[in-house]
1. Looking only at the stretch 475-526, filter to residues that are of a type in the set (S, T, N, Q), open to solvent by 60 Å² or more (accessible area, probe 1.4 Å) and modelled with pLDDT of 85 or more; which one of those is nearest to Leu226 (Cα to Cα)?
2. For the stretch 451-469, enumerate the residues that are among the β-branched types (Val, Ile, Thr) and either more than 17 Å from the chain's Cα centre (by Cα) or open to solvent by 20 Å² or more (accessible area, probe 1.4 Å) (or both).
3. Taking Leu248, is it part of a strand (DSSP E or B) and surrounded by fewer than 21 Cβ atoms within 10 Å (Cβ to Cβ)?
4. Any chance you could count how many residues in the stretch 410-420 are under 13 Å from Gly397 (Cβ atoms) and surrounded by fewer than 21 Cβ atoms within 10 Å (Cβ to Cβ)?
5. So in the stretch 421-445, with the set limited to residues that are open to solvent by less than 20 Å² (accessible area, probe 1.4 Å) and in a loop (DSSP other than H, G, I, E, B), which one is nearest to Val392 (Cα to Cα)?
6. Looking only at the stretch 220-243, which residues are among the aliphatic types (A, V, I, L, M) and open to solvent by 10 Å² or more (accessible area, probe 1.4 Å)?
7. Hey, among Val472, Val448, which residue is among the β-branched types (Val, Ile, Thr), surrounded by 19 or more Cβ atoms within 10 Å (Cβ to Cβ) and in contact (Cβ under 8 Å) with a residue 12 or more places away in the chain?
8. Only one of Ala377, Ala404 is touching a residue at least 40 places away in the same chain (Cβ under 8 Å), touching an Asp or Glu at 6+ places or on another chain (Cβ under 9 Å) and surrounded by fewer than 22 Cβ atoms within 10 Å (Cβ to Cβ). Can you tell me which?
Amino acid sequence: MECSISGAVPEEPVVSKSSGLLFEKRLIERHIAEYGKCPVTGEPLTMDDIVPVKSGKIVKPRTVQSASIPGILAMFQNEWDGLMLSNFALEQQLHTARQELSHALYQHDAACRVIARLRKERDEARSLLAQAERQIPTLPPASANASALSNGKRAAEVDDLGPAGKRIRPGISADIITELADCNAALSQQRKKRQIPSTLVSVDDLGRFTQLSSHPLHKTNKPGILSIDIQSSKDIIATGGIDSTAVLFNRPSGQIVSTLSGHSKKVTSVKFVGDSDLFLTGSADKTVRVWQGSDDGNYDCRHVLKDHTAEVQAVTVHATNSYFVTASLDSTWCFYDLSSGLCLAQVTDTSKSDSEPDGYTSAAFHPDGLILGAGTAQSVVKIWDVKSQANVARFEGHVGAVTAISFSENGYFLATAAHDSVKLWDLRKLKNFRTIELYDSQTPTNSVEFDHSGCYLGIAGSDIRVYQVASVKADWNCVKTLPDLSGTGKATCLKFGPDARYIAVGSMDRNLRIFGLPEDETASES
């Protein structure tokens, strides 16, 4: 007879009235006290259902292992090994519990800080609102206009409107055009002597790229990174998010430099101004902000530009770093003076009728600075002469809005991305020479970007693909495909780092992901 629980011969055998099973008395008592049911059948069981079984005194036979000293030592060794394994498992469980507790405490602390910051911002907003309500009734008209121009914020004035109700712009002066032409001549001359840098990552090394790090920069309640830019001299990465903030991130240190708040809707475009401490953001709230960095790492808003009447989709900086252009869904692009924040020209396509508006969804300057490329929601790519503000070429053939455009550093190629594909255009002959179709009809291509050397082309959609740039007639080979590890299936933007040593990728989650060579990450950490 053996106990149904332990499988051993019971010292005090008892039997269940209902099931007829045999148990060790002390074991079944403990089980009934804890669970109140039969351990084998699962039926309800009480001590009243247990009947003791009378039997002679049982003498357990000595096992074979305990009949000799080596057998006893082996038995002790097995018990010791089992104890060590059990102890190791308990230590692992303790470590996991500590990690979960630490993570929970970190989330609680972060939540407390966010709540405190929101309360502070709410109180400041209430204070400013109360102060404004007290001051507005007493301000004369001249004082009101002065206040609208203070703190770097420029408001629309009635006096600036022409007879057709449109804003009067000063225009791009002859001095500015001369400056742009001189910059174009200098850059064109440099481009003829341009050589591929020896520090540029090789095709073989690029083929070994893998994810090095992932950084949660934006808010969890509104995830999504829509734009990326990199300041190569300082290795700082900027991201614009759906949470209406822009984040500046120091890649070598892995720390956030600054989080810029001020927009009321998603930030659609971010752009550094060369190596300076100026930074631009465009937003779906119809505004563009110019930020000025300080020595302590903080950024202050110098200008809030409100010249557009619809979402600002793109911001691009001229090679002089003195002017920039914004493109909007209101079918206009604006040419700004960076220092003053003044809109010198607001350009519309007069060849199109008002019933067929072409809202701009992307824009970029040609490397020489005299040509502006702009993609529209109507699948058209328009090439503009900046000096005359004339539309000099139109590229058609895409399906869906043109989500991104990028000029190659050699000045000959233009890459455009839309819902259907990526198209490559030869600017010398003004025609499409290659179409790269990557995904199915339900998966759009969200971003396209040449690296600074013009040797590689990056494409972002449901994954990230890097192509080696070739000539018009030669094949453009895909040298690396990187998965979108966000789990959303939507890589929205990408940017090559200095010498293409890494690729920064934004997706529809809150994380910035860095892809590169594992040994580069190890070297930076050391």
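The values are calculated or read from the model by the stated rules, or taken from the named source; none is laboratory data. For clarity, every value in this text was computed on a predicted model and none was experimentally measured. Reconstructed Cβ throughout: ideal geometry from the backbone, glycine too, with neighbour counts over all protein chains shown. For accessibility, only protein heavy atoms count, side chains too; no ligands or nucleic acids. Shrake-Rupley method; radii C 1.70, N 1.55, O 1.52, S 1.80 Å.
1. Once the filter is applied, the top-ranked residue is Thr481.
2. As a first pass, look at the stretch 451-469 and keep what is among the β-branched types (Val, Ile, Thr): 459, 464, 466, 469.
Val466, Val469 - these are the residues of the stretch 451-469 that are among the β-branched types (Val, Ile, Thr) and either more than 17 Å from the chain's Cα centre (by Cα) or open to solvent by 20 Å² or more (accessible area, probe 1.4 Å) (or both).
3. Numbers: part of a strand (DSSP E or B): yes; surrounded by fewer than 21 Cβ atoms within 10 Å (Cβ to Cβ): no.
No: the conditions fail for Leu248.
4. Of the residues in that region, 2 qualify.
5. Selected residue: Ser421.
6. Of the stretch 220-243, the ones among the aliphatic types (A, V, I, L, M) are 225-226, 228, 230, 236-238, 242.
Of everything in the stretch 220-243, those that are among the aliphatic types (A, V, I, L, M) and open to solvent by 10 Å² or more (accessible area, probe 1.4 Å) turn out to be Leu226, Ile228, Ile230, Ile236, Ile242.
7. Values: Val472 fails: surrounded by 19 or more Cβ atoms within 10 Å (Cβ to Cβ).
Going through Val472, Val448 in turn, the sole match is Val448.
8. Values: Ala404 fails: surrounded by fewer than 22 Cβ atoms within 10 Å (Cβ to Cβ).
None of the other options fit; the residue is Ala377.
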